[in-house]
Amino acid sequence: MTGYTPSSLRELAANGTPFALISRDESTVELLLGDVVDVELLADVPLVDAKGTPREVLALVPFRQVRERGFECHDDGAPLRCIVVTDHITLNRADVIEVLPSAAIALTDAGFDIGDDDYADIVRRVISEEIGQGEGANFVIRRDFVAAVDADAATAALTWFKALLEHERGAYWTFAIVTDGHVAVGASPEAHVSAQSGVVTMNPISGTFRHPAGGATAETLTEFLESTKETEELFMVVDEELKMMSAVCSDGGRITGPQLKVMSRLTHTEYVLRGRSKLDPRDILRETMFAPTVTGSPMQNACTVIARHESTARGYYSGVAALFTPRESPTADEATHDLDAPILIRTAYLEDGRLRVPVGATLVRHSDPYGEVGETHGKAAGVLGAIGAIELDTARSPISASAAASGDVIDEDAPAPQPRSLADDPTISALLASRNSRLAAFWLNPQGRDGAGPFAGHSALVIDAEDRFTTMLAHQLRHLGLSVQIAPWGGVTNEQIDAAELVVSGPGPGDPRDRDSARIQRVREIVARRRENHSPLLAVCLSHQVLADSLGVELAPLAAPHQGLQKSVDIFGVNASIGFYNTFTARVAPGTTVVQEAEIAADATGAVYALRGPAFASVQGHLESILSRDGMTTLERLVAQALEPITA
């Protein structure tokens, strides 16, 4: 559209034209205009026209799309909405700010849909009933700040977008997307996934430091960075996103960081993951739905847990805004489009005169219920303050419905200054750098080529028991030289089980003693079948527990879950630093070293960390985790044990 200027934006809003405004840098705002098309599946996102010509598309992907991966969710029918871009105009950011409306948009009937005490009760239940029962390592449960808005939706969108440009900092995307009947305005700190010229990038962000009144200092930030909860929370989401990277990238993904993500009222810690892929960007997006930082892990069970503890659908919260941009002159084996997809968090939604700001807290075994309540207050305040719905600087006190509705100042102190950059402070830099000393070098360093390892010429079938740690495990096995296929527990046949040279029966959520679970029963059948046939078997975590049970070893819950815990343990005479994600353990009498034909590696309490015997080996920990510094060497030893021929 030739001659389009910032001053035309008000006219655009007034005439009902769908549009999107996106700021991805400090100097420009991109205006996208086009036709709105709702589609059912990601594969239906219309990246080419009827003549096969590539075109640009901005898609709002709702959380309900996890159904494409077979995951559970409350289905609210939120559309997979696409703007098929006809005009993409770059505007000067300062000029846009100058012309956009600034009069405050009044809120009424404002407050959280779930009260503080009720949300704290949900946190307690998730810790005891889900994490405490082996259903996963962490889960994100949301609550919504809601209010009535008596203003034109497009005008509200432009007003809030201007406020975000003026007051928020550190956002990956600042955006306003306005289509018929729906507005989304936000400043997302987190890129979920991007694919640029074949390089896939993910950006796990976790840990939330709420800036105190007066601004952040090295001392207050140090306390946050030394928190075990915040550190382990980040490690767990990196593990979960590496599962996704290993599924879409031939080189599995390499991590860099950690570093600080500083915003106006919050600071997070983050890593960056990169790998190479030739997949269609829609397939990349499907395989990475959705970020563990806003769902939990393992991903499939996290969706089930969310459905149990959230009574309403998420809409677009924790989905993505995905911009598909045609590439210039891609080769025949390359994707035709690049992808840039931030997570839809720190976003305000307006529909039918009702504002909704969804926020969530990551619940782990260390979570304090009212601490998580405070985190949701801080995140909601960050959005509401940034869009001008409440006064800035709510760092010290929760959001009051009456204050939010009236516009009264919530914090009685003077507004806090912007926090100064602390990333270069020697103490802060050392604390960040020290985190990597705990991690596996395999995922930090260039990984070389597959196929040249000690098991070249051998093959493995990896059974996915609903934990995609199997994708990371398969990647490591390939680096040891094996040819690897992954099969889901519910789809693998007995013929496949029998034909495989090595079966790696993988981890999964749940109680290994559960006789009513079809998934756990199938794992039992697979383990038994391989043992009966004296065929090579490696069992991991849940499958290790199933193997132990088949040998008559007791299974019992741990006193405290080991979800995301790093331990140094003795694996058959070799000390190994390994990451654990278990709530249950196999346990023998202290001092026991052999049960039936199995040799046992256990600690002084009798907790069993590994088993080995004729044509089988097992391990309780996750050798593929970033927390397993000795993961590759231990994996090599156990594979060698499983593949060792049985002697008469």
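The values are calculated or read from the model by the stated rules, or taken from the named source; none is laboratory data. It should be emphasised that the depicted structure is a prediction, and the values quoted were computed from it without experimental measurement. We place every Cβ from the backbone using ideal geometry, glycine too, and count neighbours over all the protein chains shown.
Quick check on my filter: what residues within region 344-380 are of a type in the set (S, T, Y) and touching a strand residue (DSSP E or B) at 6+ places or on another chain (Cβ under 8 Å)?
T347, Y349, T362, S367, T376
Would you mind stating whether V272 is out of contact with any Asp or Glu (no Cβ under 7 Å at 6 or more places or on another chain), surrounded by fewer than 19 Cβ atoms within 10 Å (Cβ to Cβ), among the hydrophobic types (A, V, I, L, M, F, W, C) and not in a loop (DSSP other than H, G, I, E, B)?
When the stated conditions are applied, V272 passes them.
Return the total of residues in region 1-46 being acidic (D, E) and either surrounded by 12 or more Cβ atoms within 10 Å (Cβ to Cβ) or closer than 20 Å to A191 by Cα (or both).
5
Considering region 304-343 alone, what residues qualify as being in a helix (DSSP H, G or I) and either touching a strand residue (DSSP E or B) at 6+ places or on another chain (Cβ under 6 Å) or surrounded by 23 or more Cβ atoms within 10 Å (Cβ to Cβ) (or both)?
Correct list: V305, I306, H309.
Check I141, I131, I83, I114 and return the single one that is under 22 Å from the mean Cα position of the chain (by Cα) and either at pLDDT 95 or above or not aliphatic (A, V, I, L, M) (or both).
Details: I131 fails: either at pLDDT 95 or above or not aliphatic (A, V, I, L, M) (or both); I83 fails: under 22 Å from the mean Cα position of the chain (by Cα); I114 fails: under 22 Å from the mean Cα position of the chain (by Cα).
Every option except I141 fails the conditions.
Quick one: in region 587-624, which of the residues that are of a type in the set (S, T, N, Q) and more than 32 Å from the chain's Cα centre (by Cα) is surrounded by the most Cβ atoms within 10 Å (Cβ to Cβ)?
First pass over region 587-624, keeping only residues of a type in the set (S, T, N, Q): 592-593, 596, 605, 618, 620.
Narrowing the set further to residues that are more than 32 Å from the chain's Cα centre (by Cα) leaves 592-593, 596, 605.
Numbers: T592: 13, T593: 11, Q596: 9, T605: 10.
Looking at the filtered set, the residue picked out is T592.
Could you pull out the residue among S277, S264 that is assigned by TED's automatic domain parsing to the domain that holds G136, of a type in the set (S, T, N, Q) and either within 17 Å of I343 (Cα to Cα) or touching a Pro at 6+ places or on another chain (Cβ under 9 Å) (or both)? Lay out the reasoning, then the answer.
Details: S277 fails: either within 17 Å of I343 (Cα to Cα) or touching a Pro at 6+ places or on another chain (Cβ under 9 Å) (or both).
Exactly one of S277, S264 is assigned by TED's automatic domain parsing to the domain that holds G136, of a type in the set (S, T, N, Q) and either within 17 Å of I343 (Cα to Cα) or touching a Pro at 6+ places or on another chain (Cβ under 9 Å) (or both), namely S264.
Tell me which residues, restricted to region 557-586, are modelled with pLDDT under 95 and exposed (fewer than 13 other Cβ atoms within 10 Å of the Cβ).
Answer for region 557-586, where residues must be modelled with pLDDT under 95 and exposed (fewer than 13 other Cβ atoms within 10 Å of the Cβ): A559, A560.
Filter region 526-572 for residues that are part of a helix (DSSP H, G or I) and of a type in the set (A, V, I, L, M) and give the result.
The first filter runs over region 526-572 and keeps only residues part of a helix (DSSP H, G or I), leaving 526-532, 542-550.
Matches in region 526-572: I526, V527, A528, L542, V546, L547, A548.
Of the conditions (1) within 20 Å of S194 (Cβ to Cβ); (2) surrounded by fewer than 17 Cβ atoms within 10 Å (Cβ to Cβ), A50 fails just one. Which one is it?
(1)
From the list I83, I122, I131, which residue is assigned by TED's automatic domain parsing to the domain that holds E372, touching a His at 6+ places or on another chain (Cβ under 7 Å) and in contact (Cβ under 8 Å) with a residue 40 or more places away in the chain?
Values: I83 fails: touching a His at 6+ places or on another chain (Cβ under 7 Å); I131 fails: touching a His at 6+ places or on another chain (Cβ under 7 Å).
Step by step, each of I83, I122, I131 is checked, and only I122 is assigned by TED's automatic domain parsing to the domain that holds E372, touching a His at 6+ places or on another chain (Cβ under 7 Å) and in contact (Cβ under 8 Å) with a residue 40 or more places away in the chain.
Residues of region 125-178 being among the β-branched types (V, I, T) and within 27 Å of G111 (Cβ to Cβ), which ones?
Hits for region 125-178 are V126, I127, V140, I141, V146, V149, T155, T159, T174, I177, V178.
Could you tell me whether any residue of region 158-175 is closer than 30 Å to H309 by Cα and under 14 Å from the mean Cα position of the chain (by Cα)?
no
Please work out which residue is surrounded by the fewest Cβ atoms within 10 Å (Cβ to Cβ), limiting yourself to region 230-262 and to residues that are among the small types (G, A, S) and closer than 15 Å to D467 by Cα.
A247
Among the residues of region 451-485, write down those that are among the hydrophobic types (A, V, I, L, M, F, W, C) and out of contact with any Lys or Arg (no Cβ under 7 Å at 6 or more places or on another chain).
Here is the first cut: in region 451-485, the residues among the hydrophobic types (A, V, I, L, M, F, W, C) are 452, 455-456, 460-463, 465, 469, 472-474, 477, 480, 482, 484.
Within region 451-485, A452, F455, A456, A460, L461, V462, I463, L473, A474, L477, L480, L482 qualify.
For the structure I just gave you, tell me whether A474 is touching a residue at least 40 places away in the same chain (Cβ under 8 Å), within 18 Å of S618 (Cα to Cα) and either crowded, with 23+ Cβ neighbours inside 10 Å or of a type in the set (A, V, I, L, M, F, W, C) (or both).
In short, yes.
If you scan region 511-529, which residues turn out to be within 17 Å of A548 (Cβ to Cβ) and among the hydrophobic types (A, V, I, L, M, F, W, C)?
I520, V523, I526, V527, A528
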